[in-house]
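The structure appears below as structure tokens.
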Amino acid sequence: MAATPHILLVEDDPTTSEFMRAALETLPATVAVARSQSEALATEGRFDLCLVDANLPDGRGDALLARLRARQPALPALAHTADPSPGLHAALCASGFAAVVVKPVGAASLRQAARDALQARTPPETAAIRTCSDEVPVWDDAAALSALGGNHDHLQTLRGLFLQELDAQAAAIEAALAANDLPGAHQQLHRLRASSGFVGAARLHAATKTLDASLPDRAAQAEFHAAWQQTRA
């Protein structure tokens, strides 16, 4: 960790922003504050850490992180939100944040999460900090092989078939959601839950299950889309 790290704090609420800025400065750290995505992108210099609100007046936090990392690829990042939704937290984790800080958060917990991120450590899971290190793996070979009696060749054959169909299935789900056809989305999700489970596509299976249980939750849709792209990569 730098002797005096430079932190970018993106938060649109003035009271929350001032509280978080004051807490972080006692690390000690130098804190640059931005109220929006556009202000954050206009801030010059390199940062040792960024803390990004999940929802900003001019965009989403995950989109901002992608743009910040386009110019500083290894930038550590924490998301923060007052929304306790597990679906949203999972989507933020999938987009690259190291942890999600759930507001309101105490100053000590916020500082510890920042220290951990600055030192590339996994922060401990608490009521206020949702860590992203416990993400479900993209592929769970052990579970799939157990279901198939340890037959590696059969697993590879099934995964090949699964991946051939995946894009069409996922696109059909997203099209049904866009048309507000929840019964159609549910039917497609039910099929994908079964097939993803058979081949050990663990992250997609978990995201499919979450979305099916929370239709038409936007955060769960984002988690599903991210898991789809990670599985097909």
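Brief remarks follow.
- From the list HIS80, HIS89, the lone residue that is touching a strand residue (DSSP E or B) at 6+ places or on another chain (Cβ under 7 Å) and at pLDDT 95 or above is HIS80.
- Filtered residue count, the range 180-206, keeping only those that are on the phi > 0 side of the Ramachandran plot and crowded, with 18+ Cβ neighbours inside 10 Å: 1
- For the range 1-28, a residue qualifies if it is touching a residue at least 60 places away in the same chain (Cβ under 8 Å), closer than 19 Å to LYS103 by Cβ, in a loop (DSSP other than H, G, I, E, B) and not hydroxyl-bearing (Ser, Thr, Tyr), and the qualifying residues are GLU11, LEU27.
- Single residue of the range 29-47 satisfying the filter (hydroxyl-bearing (Ser, Thr, Tyr) and not in a strand (DSSP E or B)) that is surrounded by the most Cβ atoms within 10 Å (Cβ to Cβ): SER36
- Restricting attention to the range 213-233, the residues being without any contact (Cβ under 8 Å) to a residue 60 or more places away in the chain and touching a Phe, Trp or Tyr at 6+ places or on another chain (Cβ under 9 Å) number 0.
Listed here are the residues, each with its yes/no results for (1) within 23 Å of GLU223 (Cβ to Cβ); (2) of a type in the set (Lys, Arg).
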site	(1), (2)
ASP12	no, no
THR15	no, no
PHE19	no, no
LEU27	no, no
ARG60	yes, yes
LEU75	yes, no
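- Of residues in the range 48-77 being of a type in the set (D, E, K, R) and outside any loop (DSSP other than H, G, I, E, B), the one farthest from SER95 (Cα to Cα): ARG71
- Of all the criteria given as (1) on the phi > 0 side of the Ramachandran plot; (2) crowded, with 18+ Cβ neighbours inside 10 Å; (3) aliphatic (A, V, I, L, M), the one not satisfied by ALA120 is (2).
- Inspection of the range 90-100 identifies no residue that is outside the structural domain of THR30 (by the TED database) and in a loop (DSSP other than H, G, I, E, B).
- Candidate set: the range 62-85, residues that are among the small types (Gly, Ala, Ser) and within 20 Å of PRO5 (Cβ to Cβ); chosen: the one surrounded by the most Cβ atoms within 10 Å (Cβ to Cβ): ALA79
- ARG115 fulfils the conditions (1) closer than 24 Å to ALA213 by Cα; (2) more than 17 Å from the chain's Cα centre (by Cα); (3) modelled with pLDDT of 80 or more except for a single criterion, (1).
- Of the residues making up the range 223-233, just one is at pLDDT below 85 and aliphatic (A, V, I, L, M), namely ALA233.
The values are calculated or read from the model by the stated rules, or taken from the named source; none is laboratory data. Computed from a predicted structure; not experimentally measured. We place every Cβ from the backbone using ideal geometry, glycine too, and count neighbours over all the protein chains shown.
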